[in-house]
Amino acid sequence: MKILAIETSCDETAIAIVEATGDAQSAQFTVLGNALLSQIDIHREYGGVFPALAKREHAKNLVPILAAALEEAELLHEDTQAIPEETRRAIAQILEREPGLEEQFFEFVSECEPPEIDAIAVTSGPGLEPALWVGINFARALALLWDKPLVAVNHMEGHVLAALAQNDAEGALLHIKDIEMPVLALLISGGHTELVMMKEWLKYELVGQTLDDAVGEAFDKVARMLGLPYPGGPEISRLAELLRESEKSDFKNAFGSLTSKFTLPRPLINDATCNFSFSGLKTAVLYLLKKNPEISEVEKQHMAHEFEDAVTEVLWKKTARAIEETGAQTLVIGGGVSANTHIRRTFTTQVAGEYPNVALRIPSAALTTDNAIMIALAGFYRALRKEFVADVVANGNLPLA
Ligand code: KG4
Ligand code: ZN
């Protein structure tokens, strides 16, 4: 089955075309085309993602991204198409709220043969609703024009399945196989921090979640306090790694031990649930910065390091508790924050040391942050169950469990 997948939930416009075979227990995926445009440079100015701007950028970029993905998949064949007036009117109505998209859409599709795909998958939530709607309306228009079934995908399910997928040696082929249940997923992104258990394929139970800020949000806010650009996660990570590196050099002697400079709390680390809280940690950073207004570059590294350590310790402690509670056989981490080097390293070491029987799956770097391949994977699992939908509605808070 060839799936065309569309992702516009946040600040990445992404389309992938993936050929999928097999079943839930043993699925294989060949990525035929994968095009992605990040809006990070545009949002950086605002220190975060600005929904109206994200919507406008998605509308501007979807057609070129589709053309690039089809071209890479060798599915782009030029041919003049006659579009019946009735279809044209229905599509114009679907796209009426996406200024500029309609014109580009008709210009493109009236010059290209309907591609040989079997289904169209699109993210329906969670995310920024104005951004989600652009992708959904684009998918609805294509499905109508090309007469293809539509699949609505939960973005977080995409992160889970991408984390379960492994690359073969050549890298073009992904497979999901030999997965032992229950699977425990730690999902950490800009909008989510949750521990979810899957005992049966695609059935999720919430084990724990943040009571306030998401972990990515905390990274971004602390970075902003330190005067670092958006998105803050990679910046904090860079500073913290610099300090860890310098620990190995003479640099260390001048500044003493690594953790002595600042001390931050580990919120909820010893409480009896698998829940998280990050807003107090952020406030603690703010308080320390008020006490030390003239923070030096090296002190910034210390702050970033202590913050990253605090977050990682809490994430690991809660995940370990959840492994015990659920009897998980497989652990996956997914979402943008799982790109973090220190978190990946810590989880790899801790699982090997404390839970050698648990299989840890960490997605490859390219599959960690938002992309459309993960939406194609989830789309395939849903299509296997014939969960095709007549229409799709955006839901910014769509839950997984
Ligand atoms: O999953 P994602 O790409 O988008 C959402 O669905 O939210 O996650 C984005 C989040 C941002 O908060 C970003 O700062 C964080 O992931 N992030 C990181 C790293 N790379 C991205 N956080 C910590 N360390 C990183 N290396
Ligand atoms: Zn995401």
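The values are calculated or read from the model by the stated rules, or taken from the named source; none is laboratory data. In this text the structure is predicted, and so the values were computed from the model without any measurement. Note: ideal-geometry Cβ built from the backbone for every residue, glycine included; neighbour counts use all protein chains shown. The area values use the complete protein model at the heavy-atom level, side chains included, leaving out ligands, DNA and RNA. Shrake-Rupley method; radii C 1.70, N 1.55, O 1.52, S 1.80 Å.
Could you say whether any residue in region 114-132 is more than 16 Å from ligand 2 (Cβ to nearest atom), closer than 24 Å to Ala394 by Cα and part of a helix (DSSP H, G or I)?
Yes, because at least one residue in region 114-132 is more than 16 Å from ligand 2 (Cβ to nearest atom), closer than 24 Å to Ala394 by Cα and part of a helix (DSSP H, G or I).
For region 148-167, how many residues meet the condition of being more than 20 Å from the chain's Cα centre (by Cα) and open to solvent by 40 Å² or more (accessible area, probe 1.4 Å)?
2
This table checks each residue for (1) without any contact (Cβ under 8 Å) to a residue 40 or more places away in the chain; (2) in contact with a helix residue (DSSP H, G or I) (Cβ under 6 Å, 6 or more places away or on another chain).
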site	(1), (2)
Ala52	no, no
Asn61	no, no
Leu76	yes, yes
Asp79	yes, no
Ala82	yes, no
Arg88	yes, no
Glu96	yes, no
Gly100	no, yes
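Out of region 21-52, which residues are over 19 Å from Asp370 (Cα atoms) and in contact with a Ser or Thr (Cβ under 8 Å, 6 or more places away or on another chain)?
Ala27, Gln28
If you scan region 323-358, which residues turn out to be open to solvent by less than 40 Å² (accessible area, probe 1.4 Å), β-branched (Val, Ile, Thr), away from ligand 1 (no atom under 16 Å from the Cβ) and not in a loop (DSSP other than H, G, I, E, B)?
Correct list: Ile323, Thr326, Thr330, Val351.
Considering only residues that are over 15 Å from Phe276 (Cα atoms) and of a type in the set (A, V, I, L, M), look in region 298-316 and name the one that is farthest from ligand 1 (Cβ to nearest atom).
Val298
Can Ala378 be described as assigned to a helix (DSSP H, G or I) and either crowded, with 18+ Cβ neighbours inside 10 Å or hydrophobic (A, V, I, L, M, F, W, C) (or both)?
Judged against the criteria, Ala378 is a match.
Could you identify the single residue in Leu128, Leu95, Leu144 that is surrounded by 17 or more Cβ atoms within 10 Å (Cβ to Cβ), at pLDDT 95 or above and out of contact with any Pro (no Cβ under 6 Å at 6 or more places or on another chain)?
Leu95
Which members of region 98-113 meet the condition of being under 15 Å from Leu62 (Cα atoms) and surrounded by 14 or more Cβ atoms within 10 Å (Cβ to Cβ)?
Within region 98-113, Glu98, Leu101, Glu102, Gln104, Phe105, Phe106, Phe108, Val109 meet the criteria.
So Leu173 fits all but one of (1) more than 16 Å from ligand 1 (Cβ to nearest atom); (2) at pLDDT 95 or above; what number is the exception?
Unmet for Leu173, out of (1) more than 16 Å from ligand 1 (Cβ to nearest atom); (2) at pLDDT 95 or above: (2).
Tell me, which helices (runs of 4 or more DSSP H) wholly within region 136-248 include 3 or more residues that are in contact with a Phe, Trp or Tyr (Cβ under 9 Å, 6 or more places away or on another chain) and away from ligand 2 (no atom under 16 Å from the Cβ)?
Ranges flagged: 215-225, 232-247.
Taking Ser26 as meeting all but one of (1) touching a helix residue (DSSP H, G or I) at 6+ places or on another chain (Cβ under 9 Å); (2) of a type in the set (Gly, Ala, Ser); (3) touching a residue at least 40 places away in the same chain (Cβ under 8 Å), write down the number of the exception.
For Ser26, the exception is condition (1).
Condition test on Arg345, is it among the basic types (Lys, Arg) and under 18 Å from the mean Cα position of the chain (by Cα)?
In short, no.
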